[in-house]
Amino acid sequence: MTKPIGPDEALRRWQDFADDCLAGFPWDVEDYNNDLTLRSRIAEFLAESKAAGDDRTRGLAAQIEAADSRVRSVLRDESFLRFPEAQWWLRRSPAYACRRFCADYHEAYGIEVEPRSRFDDDADELIRLNGTGLPVSDVLIHARDESMYAAARPGLLLRAFREAFPAAARARPTRQLVLSWIAGGTEDSGLRAGLAGQ
């Protein structure tokens, strides 16, 4: 049984979701739906705290509202009208997101979302850099060193690697090496040696 997350962790995750939405959601539909479920749980927590007269949640509520404002700017289209208006995050679809999300969202719900994302821009740039003769290892190092959006979080960089270099990413030892490098367990030189010729 997983331990329920606390209010501070829920807030952090919702703020990350807001950032991801503004950049063009880079994850998959299941991740997106999990984040919406998290927001529903936040709403329940805030209502329970307010009913109990807990004044400590005022600051949390203000921070949630700030993140909500950012999310509302992207979740615009009323698509799922069976949900109450108060649950706007469940009623609306994103105006834009990464290409893969858009395709999967359309397949799952029949709803068109504009493919526009900083993640896709970065994945395209990784492909372009590799096309200039830069080895895959140096492309990844460049992404990290230049603080590209896709390098902001470990999972995003791994996802960008898979998106840009699907043939290399299919090999389990290669994936494990890249993951180890992203996590700091492998030095740049080890990444270069392990990806030599790619």
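Values quoted throughout were computed directly from the atomic coordinates according to the rules given, and no laboratory measurement underlies them. Quantities reported herein were computed from a predicted structural model and do not represent experimental measurements. Glycine gets a Cβ as well: all are built from the backbone with ideal geometry, and neighbour counts include every protein chain shown.
List of remarks:
- If you plug the beta carbon distance of Ile5 and Phe80 into 1/(1 + (r/R0)^6) with R0 = 22 Å, you get a FRET efficiency near 0.35.
- Computed FRET value (nearest 0.05) for Asn34 with Asp188, which takes r as the C-beta separation and R₀ as 41 Å: 0.80
- Among the listed options [x] 1.06; [y] 1.18; [z] 1.41, the one matching Cα Rg over 2.2 N^0.38 Å as calculated from these coordinates is [y].
- Helical contribution to [θ] at 222 nm, DSSP H n ≥ 4, -39,500 (n - 2.57), averaged over the chain, rounded to 500: -20000 deg cm²/dmol
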